[in-house]
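Below is the structure I would like to discuss, written out as structure tokens.
The values are calculated or read from the model by the stated rules, or taken from the named source; none is laboratory data. Predicted model, so just to flag it, every value in this text is computed and none were measured. Using ideal geometry, Cβ is built from the backbone for each residue, glycine included, and neighbour counts are taken over all protein chains shown.
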Amino acid sequence: MGGIVVLERIAHYRVMREIGRGAMGRVYLAYDERIQRQVAVKELLLPEGLGEEERREAVERFKREAQAAGKLSHPNIVTVHSVEEDQLGNPYIVMEYLEGVTLGEALRQGPLSPERAIAIVSQVLEALEYAHQRGVVHRDIKPDNVFLLYDGRVKVADFGIARVATTSTMTQVGTVMGSPGYMSPEQVRGEIVDHRSDIFSCGVLLYELLCGVNPFSPGDATAVMYRVVHEDPLPLTRRDPSLPPYLEAVVARATAKQREARYQSAAEMRRDLLSGSFPRPAPGTVVVGAPASPTVHLAPPGPAHPTVVRPQSPVAGAPPSSRRRTSLWVLVSVLAVLLAGGGILAFFLLSSPRVQVPDLVGISEDEARSLLQKNGLSMEVEEVSLPGFEEGEVVSQVPAAGQKVDKGSRVRVEVHRSSPIGEMSRGDQEYISQMDGMIATLSGLDSRIRDTATEINASIDAAGHRMKKNMRPQCDALMGELRSLRGKAAGLSPPARFSSLHAQFLQLVDYCIARVEAFYAGIAAVESGGDYEAAFKAGVAPKDAYTTLFPSFVREYNALKSQ
């Protein structure tokens, strides 16, 4: 094995093989002999020659991963079962074992279709929104940290450099952490980052999935980081003209250099991705001047160290003094031409007067049109269907409110319209409305059942004869909700075309009930000194059956209700 020490056992985990390795640790596929399941065990991997301070920081980062991930319980985030130490005091993390491939591996086959890319990134954004709401910023979103499971789900992994915002900030200004091609500009500059850094990384991820290349490559780390800070990516449609223009707009907003100009939440970006609509302009993002104090900028590719430079004018190109001289020449030349024609008055008469764009978002289409007409502007309407808006309400506008434009300009707005019903009968509509809610409820219950299984495993004492925590109330709550859901579903009369799928839904609920029944049996076996492992094992088959059936059920259901 090239001199690498291969462990055969870590505590009660029998190591089967090494399945991954990164800067922070080595990951093994292992078998938990107590619970009789496969797990992934990540141990800290420290290179030789580290000083005491570096070693201490590495251990702290490793523990921080467990702290960050341990706060999170979400279907799109890798589950951490426990954090333990071996006989020598070295920490390791026990996680769920994922059967699938990383996005990095999937990208070796080339770019993905827009539909597939949207489906993947929307799940990543859902995971990040959940993490951000709990004060956790990932800071290393990239293809190798996103897993595609064989059942179609997406899992975000490796919170190794995540920052827990609710605790003291352990990464100070000046420390650069992350993967160069996916880092935000503020991350490259070594500033303290917030959740909007993850949104930038998601924009880069979406770009790469659609085009097959990182927008800031190629080059060494210094060249890539320079582009992240100073250069905009080549627009999506320049790389592939067949891509929908709205995706280009979504990527552009997500990867804006100024964090205030990006999406302000992962949910906001996810909404635009799934709705297929152009993003709303970020409020208050117009840059009116240079920063007031010197800023640390990366030098262009060549020198490998940051350089302190003076603030630059917002206009790119020549040096500021040269640009001022050029601008002055242009102005003098224009005035000379106008005066030569005796037309200084014509200069003002022929120039279009500028007007300020009013704020249209949140008012009705008719009100918006009337307001624009009063300001000498026209309106172009695009209809969209989005949750949370009234019929005919303006949901976005371009240009943004407050911007100055020429009188007579056109303002493009998106107006909410309810989705057309088509030929669907009222009975079908009512059935679909109820089933949509019940499917969402079942998905949430499945997630809670998985969490409960983890808690039960952690609650069994080392001897296997006592529950350290009373898990029965939690099981009672789950069983009550499952039986209520089944009763509600059984009481529905599905339209003929949904009959087969309805039966599948009832079967899915039954699988979940069987899983909770196995919890009861296992808890009773622990308390009586019986074979609790065999009792818990009775829940494996229904869990596997549910995991296999649910994705195909949802696909068929969505396809059928759209017909």
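Please enumerate the residues belonging to the stretch 93-124 that are touching a Phe, Trp or Tyr at 6+ places or on another chain (Cβ under 9 Å), among the aliphatic types (A, V, I, L, M) and not in a strand (DSSP E or B).
L98, L103
Just give me the residues in the stretch 93-108 being farther than 19 Å from I199 by Cα, modelled with pLDDT of 85 or more and not hydrophobic (A, V, I, L, M, F, W, C), in sequence order.
E96, Y97, T102, E105, R108
Among the residues in the stretch 452-465, are any outside the structural domain of R153 (by TED's automatic domain parsing), surrounded by fewer than 18 Cβ atoms within 10 Å (Cβ to Cβ), touching a residue at least 40 places away in the same chain (Cβ under 8 Å) and assigned to a loop (DSSP other than H, G, I, E, B)?
yes
If I go through the stretch 247-293 residue by residue, how many of them are at pLDDT below 80, of a type in the set (A, V, I, L, M, F, W, C) and within 17 Å of the chain's Cα centre (by Cα)?
Total meeting the criteria: 0.
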